[in-house]
Amino acid sequence: MLLLKSIRVHYNKREAVKGISLEVGEGDFVVVIGPNGAGKTSVLNVISGVINPSEGEVWFRSERIDRLAPEKIAARGIIHVPEGRRIFPKLTVMENLQMGAYLQKDKTKVERELERIFHLFPILKERTRQRGESLSGGEQQMLAIGRGLMAGPALLLIDEPSLGLSPLVTQHVAEQMTVINREGIAILLVEQNARMGLKLANRGYVLTNGDLVLEGTTAELVKNEEIRKAYLGL
Ligand SMILES: Nc1ncnc2c1ncn2[C@@H]1O[C@H](COP(=O)(O)OP(=O)(O)OP(=O)(O)O)[C@@H](O)[C@H]1O
Ligand SMILES: [Mg+2]
């Protein structure tokens with residue numbers, strides 16, 4: 001479904017992503033784990049077109065997309081739920097959700113998507129008239145994912161959803177990501193919370209210092225000694 005070939009990212013002269021290749025299959029759930037500054041967000045930004053790679057190619061469903069504008073990439077079904085949520089603080093929950101559906105002209109589809117989101121995250125239904133900025137961190141994360149779903153994605157890129165959330169809320173968000181994936185949406189998740197990421201995904205990559213140093217099924221990765229020591233504290 002998604003294929004990255006030898007992607008490099010430079011910020012000024014500094015190379016932040018050093019020629020990585022990565023794959024997400026249709027309906028797959030893939031996680032990228034790695035420490036601060038590893039280049040995880042840069043990789044997602046390349047896929048969604050927020051930044052251009054200095055080298056390499058991005059392919060989505062057999063078409064090359066790495067020179068397309070972000071809105072063109074979104075229209076093809078790749079939706080980015082960014083790090084730090086980036087919801088619209090002054091808009092209400094409902095308005096935030098509607099912003100996610102700006103590409104969707106079919107009103108009944110929008111209604112159906114709203115139903116689904118309120119089913120996944122019932123708390124959002126109670127908060128529809130509340131401003132984004134008044135939500136808790138967990139509610140904002142749910143809203144960011146909900147807004148992403150409103151676009152009717154085929155692939156969701158989710159950047160550090162657990163950041164700053166309590167274990168209980170993290171658990172809830174994690175469960176709902178599994179549900180979303182089971183409903184047929186592929187997910188590429190970036191997480192510093194390796195324990196959670198490796199539990200949720202089928203396959204994973206370890207990114208350190210701009211390089212992919214390990215990849216495999218999550219079942220293999222959790223058995224790996226290096227990962228157990230460096231990421232799982234075992
Ligand atoms: N706009 C930018 N200008 C200059 N350097 C940048 C820019 N964005 C990222 N970098 C640098 O590129 C490297 C990778 O950053 P990136 O945000 O992709 O890492 P990350 O793995 O997402 O980290 P974190 O876990 O802290 O979110 C870092 O060293 C960062 O300082
Ligand atoms: Mg990041």
Rounded to one decimal in Å, the inverse mean reciprocal Cα-Cα distance for segment 125-230, i.e. its Kirkwood radius, is 15.1
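Compute, for segment 51-147, the length of the dipole vector about the Cα centre, with Cβ point charges of +1 (Lys, Arg) and -1 (Asp, Glu) only. Units Debye, rounded to 20. Intermediate results must be reported in sequence, preceding the final value.
Numbers: 18 positive and 14 negative charges, 63 e Å.
It works out to roughly 300 debye.
Normalized C-alpha radius of gyration of segment 78-120, against 2.2 N^0.38 Å?
It is 1.21.
Going by how many other beta carbons lie within 10 Å of each one, how would you line up THR218, THR178, fewest first?
Starting with the residue having the fewest Cβ neighbours, the order is THR178, THR218.
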Rounded to the nearest Å, what's the spacing between the alpha carbon centres of segment 100-127 and segment 210-234? Just the number, please.
37
Which one of GLY210, LEU200, ILE65 is farthest out on the positive end of the charge dipole of segment 2-230, using unit charges on Cβ (Lys, Arg +1; Asp, Glu -1) and the Cα centre as origin?
ILE65
One point scatterer per Cα, no solvent, Debye formula: log10 I(q)/I(0) for segment 41-168 at q = 0.09 Å⁻¹ comes out as -0.27
Using only Cα atoms, tell me the angle between helix 137-150 and the longest principal axis of the chain; keep it within 0 to 90° and round to the nearest 10.
90
Residue separation times 0.36 nm, minus the C-alpha to C-alpha distance between GLU71 and ARG112: what's the value?
12.5 nm
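After finding the eigenvalues of the alpha carbon gyration tensor for segment 2-230, what semi-axes result from the square roots of 5 times each, listed largest first in whole Å? The partial results should precede the final answer.
Numbers: eigenvalues 155, 85, 52 Å².
Equivalent ellipsoid of segment 2-230: 28, 21, 16 Å, largest first.
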With angles folded into 0 to 90 degrees, how steeply does helix 167-182 sit against the dominant principal axis of the chain? Use alpha carbons for both and round to 10.
90
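A short reminder: the numbers here are calculations on the coordinates, not readings from a lab. Note that the coordinates shown come from a computational prediction; the quantities given were computed from them, not determined experimentally. Methodologically, a virtual Cβ is constructed for each residue, glycine included, from the backbone with ideal geometry; neighbour enumeration extends over all protein chains shown.
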